[in-house]
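Notes follow once the structure below has been shown.
Rule-based calculations on the coordinates, nothing more; no lab input. Keep in mind it's a predicted model, so treat the numbers as computed, not measured. Cβ sites come from the backbone with ideal geometry, for glycine too, and all protein chains shown count toward neighbours.
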Amino acid sequence: MKYSISSKNIMAVLIICFTAIQINAQQDSLVKNVPEIVAMARPQQDGRIMLRWAVTTPLAWRKLNEYGYQVKRYTVTRNKKTLSAPIEKLLGTFKPEPLEEWVSVIDKNDNAAVMAQSIYGEAFDVEGMDQLSAIINLAEEQEQRFTWGLYAADQDYEVAQMAGLGYVDQEVYANEKYVYKITSLVPETLIKIKEGGVFIGLHDYEDLPRPLDLAVAFFDGKSMLSWNYAIHNQTYNSYFVERSIDGVNFKGLNDLPLTTLNNSEKTDPMRMFYTDSITNGQTYYYRIRGKTPFGELSPISEVVSGKGEKKLAYVPHITSRYFEDDKTVLLEWEFMEEGNTMITGFELNQSDNVDGAYKTVVKNIPPEARKVRYDSLMPTNYMTITALGKNGSKRTSFPALVQPVDSVPPTKPKGFTGKVDSLGVVTLSWAANIEKDILGYRIFRGNNKDEEYSQITVSPHQNTIYYDSVSVKNLNSKVYYQLIAVDQRFNMSEPSEILELKKPDFIKPTQPVFKSYNIKNGKVHLSWASSSSDDVVRHELYRKAGDSLDWKLVYTVDRMQYPDTSKQDADSSMQYAGSRGHIAEGRKQWSDEDVVEGQQYTYTLIAIDDSELDSDPAPPLTVIVPKTSLHPPLQGLYGEADKEAGTITIYWKAYKEPNASKITIYKGVQGQPKNLLKEIPVEAKGIVDSKIQPNNTYEYLFRVVFGDGGLSEASTLDVKY
């Protein structure tokens, strides 16, 4: 089906094209790879709730235009109480009105024309494209339809309703609150689209806020407005600018609402801008109004005003300075001779800071003059020359540093002291320098004594007390400061002595960990890595036996601190704590001698700093000391060889030791390795071996195995066959 719009609407589409491209920046946060319906709502004072929704991808939008949306309302609370079961109500299914319904609207409404063209307009087709180009062109066309359609819906709520993207719920009550759920009617076999929703009630109504922070800058023949866009970007999607020449009667400057382009690194994401052409010398007044996606207009902003001026064509430039003494200078500057007739003269300005406030110190300099003498210099001066135009405009030179020679620095600051309170507030104080030209002090801070300190004062600090703040919850237990005095010619003194301040300690030491262990000769040998915290004074080793819940301190390891803060490889001393053990001299190892075979032991370790803060315990290490002593051997071994039967029969006495589990028997030809023959119950008193060959002497080894893993001594028997 073909569709066309009038020439008037085509022009509107072309104009909106540029704005639609801008709106892409707003839609970037909306467009996602996964299709999803997003919704918003706004209650009205007349007892209605207005709904708006959209989908996040072009393909999903196209499919939903075909199949539609379903909107349900759930009453969730009533009289500020949550209902036991929400009350469901189907509000309807929504999709774009048929094409014939748009025909009567598009000639009167440019946004309707844009939306109709986006939904029903003919496809953009270029002949002669290859298959890949055709696919790319189709994707770009669909993206543009989607973007223009959402833009038009945002600008006109009635158009949004006609496009199946809006609904007004008029059957709502002030004592209830609702969840509106919008779901896709597109079959999931075609595309799966996540549902959207919003939770709102009439009592959520709020007055629309005024647009904030409107400012204007005036130039030659134009003005530039800017205002804070980001603070209300969830409320207003576009703005109208109004202008007045008397401050009373305002007229709109833009028929189409203004949107913002914030997808460039060079743009300010916080502000919107608008440029207006004006007549120089005329005072203009400006104000703005925001527009919501529901078609509501905001209260007017504050009014800003001013006027444009034609700039002076020439700018002076200071070229040289000649010092006659430490208070007097002769300044020279350049200025085009053609500009003499355009100005009333020059003024000399002075400041002690390049970005500071400049004060006019010499006035009424003739237009033909190109030099001036000034005899009230400060130690440091920044000077500018201003040309005064006959039409009231001014042009000022770049600042020039004018500084009499002074290379003598102040003396090193003395009496530098300080303290840190429990909140991390640092109070620094020092004795004032006696030099008359002292400008202030620069303060430097470091977290380690030997590092390069960072300056924490932006400009020279002019008092002799300074407040700083440091984090008391980090791993640096101390903070270091230095002070440098600066005179008015920015000569700097030698640094003061380093001030070392200890922070309040709220940080527990880092956790020690066990590195390894082994069990040998009935002892448990432990090795660990100590806490890495500098302020640790000791480590405590704890042990518990079996399933006991009580930890027992078995050793305390003291760490020595050295002036150079270097760490020894080991803890330097060991205090006996009621259990037998051995600490390896000069190493972080310990041997526990007070253990019993077959018993389970668990060990842990904590570090304690000089503020008596405990570290987290080391992850517990659990070991079982194996039994290494042997039970009595099997007794009464006797063997008989029966050559006719081809067997060897072996007998022994019954084994009486408690907890014996089984007997393991190993066999081998004499002089060769033995292999496991069999395992038999401990109650057995003999075996018959038929796996033998003539003319061999067989060696048998017997060992009893116990239920707890213990073993008996080995018994051996040789039988010749």
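Observations, loosely collected:
- The lysines whose alpha-carbon is closer than 29 Å to the alpha-carbon of Lys520, local same-chain residues fewer than 8 away aside, are Lys544, Lys552, Lys588, Lys627, Lys662, Lys674.
- Check: the chain dipole with +1 on Lys, Arg Cβ and -1 on Asp, Glu Cβ, in debye: 1120
- Charge tally around Val362: other residues with Cβ under 12 Å, Lys/Arg +1 each, Asp/Glu -1 each, net +2.
- Karplus (6.51, -1.76, 1.60) ³J(HN,Hα), θ = phi - 60°, over segment 637-653, in Hz, Gly and Pro reported as x: 5, 8, x, 10, 9, 10, 6, 5, 7, x, 9, 10, 10, 10, 10, 7, 6
- Projecting the Cα atoms of Thr75, Ser351, Thr716 onto the charge dipole of the chain, computed from C-beta unit charges around the Cα centre, puts Thr716 farthest toward the positive end.
- Folded to 0 to 90 degrees: helix 58-67 orientation relative to the chain principal axis, Cα: 90
- Nearest-20 debye value, segment 481-564 charge dipole, Cβ charges on Lys, Arg, Asp, Glu: 720
- Summed residue charge, Cβ within 11 Å of Glu337's Cβ, Lys/Arg positive, Asp/Glu negative: -2
- Size of segment 651-702 as Cα extents on the principal axes (Å, biggest first): 38, 18, 14
- Pairs of Lys residues in segment 29-88, spaced 8 or more positions apart or belonging to different chains, with C-alpha separations under 27 angstrom: 5 in total.
- A cut-off under 10 angstrom between Cβ atoms defines the neighbours of Ile191, and their net charge, with Lys, Arg +1 and Asp, Glu -1, is +2.
- Positive-end residue, segment 151-192 charge dipole about Cα centroid, Cβ charges, pick of Ala174, Ala152, Ser184: Ser184
- Note on the chain: Rg/Rh from Cα positions, Kirkwood definition for Rh, rounded to two decimals, is 1.22.
- Fewest-first sequence of Glu36, Glu497, Glu644 by Cβ atoms within 10 Å of each Cβ: Glu644, Glu497, Glu36
- Förster-model FRET efficiency, 60 Å R0, Thr417 and Lys95, C-beta, rounded to 0.05: 0.20
- Residue order for Thr457, Thr82, Thr716, fewest other beta carbons within 10 angstrom first, comes to Thr82, Thr716, Thr457.
- Between Val596 and Val537, the simple label model (points 7 Å from Cα in the Cβ direction) yields a spacing of 3.7 nm.
- Going from the residue with the fewest nearby Cβ atoms within 10 Å to the one with the most, Leu330, Leu388, Leu423 rank Leu423, Leu330, Leu388.
- Ellipsoid equivalent to segment 591-721 - semi-axes via the Cα gyration tensor, in Å: 49, 15, 11
- Compactness index (Cα Rg / 2.2 N^0.38 Å), segment 212-307: 1.06
- For segment 414-502, projected area of the alpha-carbon convex hull averaged over all directions, nm²: 5.6
- Between Pro316, Tyr239, Ser226, the Cα set farthest toward the positive side of the dipole of segment 209-323 (charges on each charged residue's Cβ, about the Cα centre) is that of Pro316.
- Proximal lysines relative to Lys394, as straight alpha-carbon distance under 26 Å, when same-chain residues fewer than 8 apart are discounted: Lys222, Lys307, Lys310, Lys311, Lys359, Lys363, Lys371
- Protection proxy ranking of 283-296, 627-640, 338-351, by the mean of other Cβ atoms within 10 Å over each peptide's residues and highest first, is 283-296, 338-351, 627-640.
- Using alpha-carbon coordinates, inclination of helix 7-27 to the longest axis of the chain, degrees: 40
- Cα convex hull of segment 30-96 - mean projected area over all directions, nm²: 6.3
- Within the chain, helix-based [θ] at 222 nm, where runs of 4 or more DSSP H residues each add -39,500 (n - 2.57), nearest 500: -3500 deg cm²/dmol
- Spin-label model distance (nm) - Glu140 vs Asn391, 7 Å beyond Cα toward Cβ: 4.5
- C-alpha center-to-center spacing [segment 160-223, segment 511-529] in angstrom: 66
- On full extension, the segment bounded by Ala432 and His203 gains 76.2 nm, given 0.36 nm per residue less the C-alpha separation.
- Span per principal axis, largest first, for the Cα atoms of segment 430-472 (Å): 36, 20, 19
- Taken over the alpha carbons of segment 317-402 as equal point scatterers, the Debye sum produces base-10 log I(q)/I(0) values at 0.12, 0.18, 0.24, 0.25 Å⁻¹ of -0.33, -0.72, -1.22, -1.31.
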